[in-house]
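Reading through the structure tokens given below for one structure.
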Amino acid sequence: MDSFYALNQILPAFQQYYTIKKEDVTPPFCAEAEFRSHNEQYFLVRSAHIADIDSNEFVYFASLSDLTDEKLDELVNTAWNTGLAKVHPQEGHRNSDVTLIILADKLSDETKIKIKKTKLYKSYKFSFHGWSHFKLTVADLGSFDAKGSPALYSNRQGKDFAKLIKKNLKNPS
């Protein structure tokens, strides 16, 4: 399975809730997706406003033939810094998470361990103005499990995206 096919299988799963961008994306990424949610809470009537809740998520997609530790560090840092640049913490901001999904044809055992240990977190004004988590999921398109899905690796925060990718990627042969 090539990464172009895999990306085209994954992106439709994001279309319902995310704004997807395939052109003019931040290099070295091949696509970006953005989710923004704004909720307001009231007590009985609209004039009795209690709270505003803003939640955002910025997803970056990368496609590589060989994922090394150095390339992983570069992609993680680029996604994290680009995503944090879009965050505007203020009163009512709950969270702005940054997600990186990598589609790779091959990766080493050291890289698989490093993926699981990747953890980035930032709080704004002691979490009174929200926080940001980093979610990482990598699909190894060169190896498949018994059900025909590619081998998936993720950090603790990225497990939900691993399930989404597993559901949407099946071996075409």
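Every residue, every condition in (1) touching a Pro at 6+ places or on another chain (Cβ under 8 Å); (2) free of Cβ contacts under 8 Å to residues at least 24 places away in the same chain; (3) closer than 17 Å to F161 by Cα; (4) open to solvent by 60 Å² or more (accessible area, probe 1.4 Å), yes or no:
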position	(1), (2), (3), (4)
A48	no, yes, no, no
D54	no, no, no, no
F61	no, no, yes, no
D66	no, no, no, yes
T78	yes, no, no, no
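Per the conditions (1) under 20 Å from D69 (Cα atoms); (2) of a type outside the set (S, T, N, Q); (3) out of contact with any Asp or Glu (no Cβ under 8 Å at 6 or more places or on another chain); (4) part of a helix (DSSP H, G or I), the sole criterion not satisfied by L136 is (4). The single condition among (1) surrounded by fewer than 17 Cβ atoms within 10 Å (Cβ to Cβ); (2) touching an Asp or Glu at 6+ places or on another chain (Cβ under 9 Å) that A85 does not satisfy is (2).
Among the listed residues A139, A162, A146, which satisfies the condition of being among the aliphatic types (A, V, I, L, M) and either at pLDDT below 75 or in contact with a Lys or Arg (Cβ under 7 Å, 6 or more places away or on another chain) (or both)? Break it down into steps so the answer makes sense when it comes.
Working: A139 fails: either at pLDDT below 75 or in contact with a Lys or Arg (Cβ under 7 Å, 6 or more places away or on another chain) (or both); A162 fails: either at pLDDT below 75 or in contact with a Lys or Arg (Cβ under 7 Å, 6 or more places away or on another chain) (or both).
Result of the check over A139, A162, A146: A146.
One line per residue, one yes/no per condition, for (1) open to solvent by 20 Å² or more (accessible area, probe 1.4 Å); (2) not basic (K, R):
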| site | (1), (2) |
| --- | --- |
| L100 | no, yes |
| T111 | no, yes |
| K125 | yes, no |
| H133 | yes, yes |
| K167 | yes, no |
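Residues that are more than 13 Å from the chain's Cα centre (by Cα) and either touching a residue at least 12 places away in the same chain (Cβ under 8 Å) or in a helix (DSSP H, G or I) (or both) were ranked within segment 31-46; the one that is nearest to G83 (Cα to Cα) is R36.
Can you tell me which residues in segment 13-24 are without any contact (Cβ under 8 Å) to a residue 24 or more places away in the chain and either open to solvent by less than 80 Å² (accessible area, probe 1.4 Å) or part of a strand (DSSP E or B) (or both)? First the steps, then the outcome.
Step one: list which residues in segment 13-24 are without any contact (Cβ under 8 Å) to a residue 24 or more places away in the chain, which gives 15-17, 19-24.
Within segment 13-24, T19, I20, K21 qualify.
The values are calculated or read from the model by the stated rules, or taken from the named source; none is laboratory data. Quantities reported herein were computed from a predicted structural model and do not represent experimental measurements. Counting neighbours? That spans all protein chains shown, and the Cβs are built from the backbone with ideal geometry, glycine included. Calculation scope for accessible area: heavy atoms of the full protein, side chains included, ligands and nucleic acids excluded. Shrake-Rupley method; radii C 1.70, N 1.55, O 1.52, S 1.80 Å.
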